[in-house]
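Submitted below is the structure of interest, expressed as C-alpha cells.
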Amino acid sequence: MHLGIEGRVAVVTGGDSGIGLATANLLLEEGVKVVLTDKEPEALRQAAATLRGEVVPVAADLTKPEQVDALAAKAKAAFGHVDILYHAAGITGPTGLFHTLKDSDWATALETDFMAAVRVVRAFIPSMAEQGWGRVVLTASEDAVQPYVDELPYCAAKAAILNLAKGLSKTYAKQGVLVNTVAPAFIHTPMTDAMMQKRAAEMGVSFDEAVSSFLKEERPNLELARRGEPQEVAAAVAFLCSERASFINGANLRVDAGSVASIGT
C-alpha cells in the first residue's frame, strides 16, 4: 500500500531501539525524512547508523524543556519543517504495590511518560497547524485501560496519554492535524527485556521461562501467546501517519494480540 508520505519530515522519539527505531526505519522506507531522537548520544548515533535514508540524530532528554526546544530548532534547521511526530519514548518506571510507592515514584513516571509527550507535542504541533497538515501519534499502552496493580504510575501516565491525544484531536483537526495513539502490549523491546530479566532473577528461572510464565499468569488474554515485534507496532504507526489514515482522528489503535479483554478503547 502506498502511504502517500514520500518527502514528508518526521520526528521520532525513543528512536535508539525498539518501536521507535523500527518506526523510523519503516518511515524511511516510505521516503520520509527522519529526525531521530533519544537520550543517550552514543546509542542514538549507533542506531542512526543502521538506517538508510535521510536521517538526522539529535540527542535530547525530553524531561528537560530546554532540550525539547533545542530538538525543535535542530529539526527545523535540518529540514525546514516537521509534518509528523511519533512519540515512542517512555519507561516502565517505579513498580510495586500502591502503598509502597512514594511521591517521587509517581513523579518519575509522570514526568517521563506523560509530561515528555506534552512537551514534544507543544514543540511541533503549532507549526503543523500553521502549515495545514500534520500527523501526531503518541504511544499509549494496554495498561492505559487495563491497569496492573504493580505498575500504577505507568498505567496512570498512559491513561493520561489517551486523554491528551483525544483533546488534541478535537483542537487541531480543522487545521489539518490528526492526532491518534497506538497501544502496544508486551512488545519485544529493551524495556520488556529488562522486565523479564528481573523476573527471571527473582524466580530463579531462565529468561524464556520468565517470558512464558508471565504470559500465562499476567497476560492470559494475549491470544497469540508471544511478545509482539517492534515492526508490528511500527506498521500501525506508519499507517496512522499516512494519507491513507485521512479520516482517523482521536482513535486508539491497539496492537496487543487481544490482551485487553474488553471491547472498550
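The values are calculated or read from the model by the stated rules, or taken from the named source; none is laboratory data. Everything numeric here is computed off the predicted structure, so don't read it as measured data. Every residue, glycine among them, receives a Cβ derived from its backbone with ideal geometry; neighbour counts consider all protein chains shown.
Checking the condition touching a His at 6+ places or on another chain (Cβ under 7 Å) and within 29 Å of Glu111 (Cβ to Cβ), which residue from Gly167, Gly228 passes?
Gly228
Where residues in the range 70-126 are among the small types (Gly, Ala, Ser) and exposed (fewer than 15 other Cβ atoms within 10 Å of the Cβ), which of them is farthest from Thr37 (Cα to Cα)?
Step one: list which residues in the range 70-126 are among the small types (Gly, Ala, Ser), which gives 70, 72-73, 75, 77-78, 80, 88-90, 93, 96, 104, 107, 109, 116-117, 123.
Going one step further and asking which of them are exposed (fewer than 15 other Cβ atoms within 10 Å of the Cβ), we end up with 73, 77, 80, 96, 104, 107.
On the way: Ala73: 13, Ala77: 15, Gly80: 17, Gly96: 30, Ser104: 26, Ala107: 23 Å.
Within the range 70-126, the match that is farthest from Thr37 (Cα to Cα) is Gly96.
Additional query: Only one of (1) part of a helix (DSSP H, G or I); (2) at pLDDT below 95 fails for Ala48. Which number is that?
The failed condition is (2).
Which is in contact (Cβ under 8 Å) with a residue 24 or more places away in the chain, outside any loop (DSSP other than H, G, I, E, B) and among the basic types (Lys, Arg), of Lys166, Lys198?
On the way: Lys198 fails: in contact (Cβ under 8 Å) with a residue 24 or more places away in the chain.
Only one candidate qualifies: Lys166.
Pick out the one residue from Ala89, Ala117 that is touching a strand residue (DSSP E or B) at 6+ places or on another chain (Cβ under 9 Å) and either assigned to a helix (DSSP H, G or I) or aromatic (Phe, Trp, Tyr) (or both).
Matching residue, one of Ala89, Ala117: Ala117.
Follow-up question, since we're still on this one. State which residue is surrounded by the fewest Cβ atoms within 10 Å (Cβ to Cβ) when the search covers only the range 201-232 and only residues that are part of a helix (DSSP H, G or I), under 20 Å from the mean Cα position of the chain (by Cα) and of a type outside the set (S, T, N, Q).
First, pick out the residues of the range 201-232 that are part of a helix (DSSP H, G or I): 201-203, 207-218, 230-232.
Of the ones still in play, those that are also under 20 Å from the mean Cα position of the chain (by Cα) are 230-232.
Checking the rest, the ones that are also of a type outside the set (S, T, N, Q) come to 230, 232.
Values: Pro230: 22, Glu232: 16.
Top of the filtered list is Glu232.
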